[in-house]
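Inspection log for the structure reproduced underneath, given as structure tokens.
The values are calculated or read from the model by the stated rules, or taken from the named source; none is laboratory data. In this text the structure is predicted, and so the values were computed from the model without any measurement. Cβ atoms come from the backbone with ideal geometry, glycine included; neighbour counts cover every protein chain shown.
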Amino acid sequence: MKRPFAVFGVLLSLAVCSIAAEPLVWTMSSRADVLKGDARGVSIDQDGTISLAPRLTEVYKTGHQYIWSSAVDAAGNTFLGTGGDGKIFKVGTNGTGAQFADLAEMNVSALAIGRGGEIFAGTSPDGKVYRIDANGTTSVYFEPKEKYIWSLAILPDGLAVATGDNGKIYKVKVANASPDASLLFDTSETHIISLAVDKQGNLYAGSDSNGIVMRFGPDGQPFGLLDSSLREIHELAVGPDGSVYVLALGESVAAPKPADAAAAPAAPESKTVSVDKPAMPGSEPAAKSRYDLSAAKTAVYRILPDGGIDLLWASPSVTAFSIYAHASGNGVLLGTSDKGRVYNVTNDGRETLVLQTDANQISTIRSDGKSLIATSSNPGSMFRFGSDQSGEGSYDSAVLDSKGSSTWGRIWWRSSGNVTIQTRSGNTEKPDETWSGWSATQTDPKGGQIASPKARFIQWRAVLKSAASLSEVSMAFVARNIAPEILSINVLPTNVGLAANPPVQIDPNIEIAGMDPVSFGIANPPLPPRRLFQRGATSLQWAAEDRNGDKLVYDVFYKEIGDAAFKQLRDGITENFLAIDGQTLADGRYIFKIVARDTPSNPLTMALAGEKLTEPVDIDNTAPVITSVGTPQISGDKARVTFDATDAASYLTRAEYSINGGEWKTVYADDGISDGPKERYTIEIPTPTAGEYAVTLRVYDVNANSGNARQIVRKY
């Protein structure tokens with residue numbers, strides 16, 4: 001059932017019955033699923049409401065694929081370090097930009113602004129630190145003989161340099177106009193990925209591959225602050241109160257960034273939803289603690305000034321690559337590879353999708369003192385955004401898969417302000433040129449008829465203006481009825497019967513209301529039948545599927561091979577099994593047909609059926625016949641008895657004998673195996689004393705029919 005006020009999402013909150021002829025209602029009611037859509041100029045808050053996003057402006061295009069680093073100087077100029085060709089671009093406050101420097105290495109992996117306004121650039125691979133003056137003149141400032149320079153940080157008395165593959169941190173001081181470098185600390189980690197400095201001059205470092213955050217005081221001694229279960233501390237940001245925000249990743253990106261490859265983005269989420277019925281209550285995966293990071297791709301920690309640690313946020317699907325601490329002290333912004341989105345995470349863990357770009361990844365987020373600067377990869381561009389809202393934005397929903405050609409009904413929504421809705425439909429999973437165009441806009445939240453043509457898939461678009469917001473969208477449709485299908489039929493061995501388990505009592509009001517019993521925790525389909533011994537039984541068990549989720553009934557037919565037509569054995573049964581008394585059918589080979597009908601859920605004129613045949617099934621109710629052969633032959637203390645056994649309808653499978661009503665013992669046919677309709681069995685029995693010996697032979701055919709015969713042996 002729909003909640004009185006459903007939060008925005010794409011999960012099917014189906015207030016529907018099982019009657020396919022009645023409309024289904026697709027209601028957006030899950031924030032997790034609304035994120036599968038595309039947001040352009042709109043934000044999505046933690047309860048799923050869509051509203052206008054901060055105004056986003058693409059300021060500068062580098063013409064290159066990747067921006068790995070950025071820095072902003074005191075004048076508001078932004079410097080962009082690229083990957084693949086080692087270039088640095090300078091973008092002024094007015095948005096004009098140009099190439100500032102061209103370095104010899106492939107990737108400019110770190111940038112920092114010195115206290116005198118000079119630019120320090122770290123490169124990888126074959127890591128070097130360059131010093132670049134205001135004119136763009138470059139010189140090698142420090143060469144640590146390390147492969148990677150991952151991060152740079154300005155210290156009160158020099159420059160900190162984070163390196164890999166050996167996990168070392170260097171400190172470079174300027175003495176007599178020439179750098180004086182020393183090893184600050186040689187860690188046991190593979191890489192030191194991130195550096196940050198607080199107002200007191202403390203240096204913070206984050207590592208790969210054990211996910212450790214350490215602090216270095218003025219004395220240069222390290223102290224471990226955090227040991228994350230995620231492997232890489234990708235970036236650190238210091239808040240205004242001295243808290244350190246930590247961006248940790250489950251997979252390392254501390255590897256060479258070749259010219260033709262960006263950091264691996266998170267796996268794309270599905271953008272299609274379907275009309276599958278909700279799972280039975282209690283069958284959902286067990287909820288996990290927010291502190292369980294076993295499946296997390298990204299996590300954000302806050303290390304408080306007193307050393308306390310809060311886990312603010314984690315995601316199993318989103319990979320973040322940049323973090324920015326708010327000047328207000330209440331949380332961070334995260335730049336991600338999730339459709340180039342920027343999320344806001346507060347200190348109490350509340351998450352909001354702030355904005356979405358057209359890039360694949362937000363690599364860095366910085367402030368120029370007036371607005372925020374975001375840089376992207378694929379393509380390498382620079383964006384600016386602030387507190388002022390866009391004047392207009394749009395949201396494209398995920399695509400609904402109705403499982404068949406559907407007739408669309410009304411669409412309606414809950415909103416405030418200026419919100420309009422359009423739809424489009426098609427028969428390919430992803431919208432392409434074969435889809436219909438966007439329909440005329442609808443402006444009344446009470447809704448109206450959807451104008452898009454009949455199709456399997458549909459999508460809607462909302463356009464918001466001014467201070468508008470949108471909290472729910474619903475649409476009705478009737479899916480074209482699809483014939484049910486018998487997927488398989490299992491014929492059980494002879495004598496195995498089936499009996500239904502005691503039925504669950506269902507409130508008749510549930511069926512009257514047209515609701516699915518699953519919503520009330522009632523198993524549907526019911527438990528499988530019990531198996532029991534039933535003499536002569538031939539049991540059928542089948543699996544069926546209805547793409548519309550209709551209720552099914554079954555008819556069972558049979559015919560003997562050679563007959564012209566099927567005869568009806570049962571009709572309108574609701575179970576997916578039938579135990580047939582084999583003795584009601586004459587011996588022979590039969591074929592059974594199962595027909596599934598969706599008549600309980602459709603008018604007779606719209607109901608459909610599907611059927612499937614079994615392989616030939618042998619019905620054999622006739623017991624084998626045994627006759628003795630000749631007179632028993634006695635020789636010394638042994639006697640030999642011979643029997644012939646025949647079966648008219650099938651073949652023999654085993655035999656056993658008993659002497660004077662004693663224990664049954666196995667005997668093989670004279671040819672070594674019981675496998676034919678006629679076999680001879682020779683039995684030798686001990687006759688130690690004179691008297692009568694009763695020898696009984698019992699044989700079985702393939703359908704477990706048995707026959708026996710007795711022969712008396714007399715020894716004088």
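What to note about this one:
- Residue in the range 429-446 that is more than 17 Å from A39 (Cα to Cα), charged (D, E, K, R) and either over 29 Å from the mean Cα position of the chain (by Cα) or not in a loop (DSSP other than H, G, I, E, B) (or both) present: yes
- Leading residue by the ranking (nearest to the chain's Cα centre (by Cα)) among those in the range 26-78 that are charged (D, E, K, R) and assigned to a strand (DSSP E or B): D38
- Out of A690, A669, sole residue that is over 30 Å from Q583 (Cβ atoms) and either in contact with a strand residue (DSSP E or B) (Cβ under 6 Å, 6 or more places away or on another chain) or aromatic (F, W, Y) (or both): A690
- Among the residues listed as G127, G81, the single one being assigned by TED's automatic domain parsing to the domain that holds N202, closer than 25 Å to I362 by Cα and not in a strand (DSSP E or B): G127
- Some residue of the range 468-477 being without any contact (Cβ under 8 Å) to a residue 60 or more places away in the chain and more than 18 Å from G37 (Cα to Cα): no
- Flag not set for D133, criterion: acidic (D, E), surrounded by fewer than 22 Cβ atoms within 10 Å (Cβ to Cβ) and under 30 Å from R414 (Cβ atoms).
- When the residues of the range 189-236 are filtered to those that are within 14 Å of L249 (Cα to Cα) and either surrounded by fewer than 17 Cβ atoms within 10 Å (Cβ to Cβ) or outside the structural domain of G307 (by TED's automatic domain parsing) (or both), the one that is modelled with the lowest pLDDT is S209.
- Of the residues making up the range 490-509, those that are part of a loop (DSSP other than H, G, I, E, B) and either in contact with a strand residue (DSSP E or B) (Cβ under 7 Å, 6 or more places away or on another chain) or not charged (D, E, K, R) (or both) are L492, P493, T494, N495, A500, N501, P502, P503, V504, Q505, I506.
- For A15: the one exception among (1) assigned to a loop (DSSP other than H, G, I, E, B); (2) at pLDDT below 90; (3) within 22 Å of G393 (Cα to Cα): (3)
- Qualifying residue in the range 380-401 (condition: at pLDDT below 95 and among the hydroxyl-bearing types (S, T, Y)): yes
- Selection status of S29, at pLDDT below 90, among the small types (G, A, S), outside the structural domain of G549 (by TED's automatic domain parsing) and closer than 30 Å to A483 by Cβ: no
- Residues that are assigned to a strand (DSSP E or B), small (G, A, S) and either modelled with pLDDT under 90 or on the phi < 0 side of the Ramachandran plot (or both) are absent from the range 597-605.
- The set of residues from the range 170-229 being of a type in the set (S, T, N, Q), in a strand (DSSP E or B) and in contact (Cβ under 8 Å) with a residue 40 or more places away in the chain comprises S194, S207.
- So D358, is it surrounded by fewer than 24 Cβ atoms within 10 Å (Cβ to Cβ), closer than 23 Å to K465 by Cα and under 30 Å from the mean Cα position of the chain (by Cα): yes
- Strands (runs of 3 or more DSSP E) enclosed by the range 621-716 - at least 3 residues per element that are charged (D, E, K, R): 638-646, 678-686, 691-701, 706-715
- Near pairs, Cβ below 6 angstrom, 6+ apart or cross-chain, from the range 609-634 (closer than 24 Å to A648 by Cα) to any residue that is of a type in the set (K, R) and outside any loop (DSSP other than H, G, I, E, B): P616/R589; D618/R589
- The range 410-428, subset assigned to a strand (DSSP E or B) and surrounded by fewer than 16 Cβ atoms within 10 Å (Cβ to Cβ), residue nearest to the chain's Cα centre (by Cα): S416
- Condition broken by D432, with the remaining ones in (1) farther than 26 Å from A53 by Cβ; (2) among the acidic types (D, E); (3) in contact (Cβ under 8 Å) with a residue 12 or more places away in the chain satisfied: (3)
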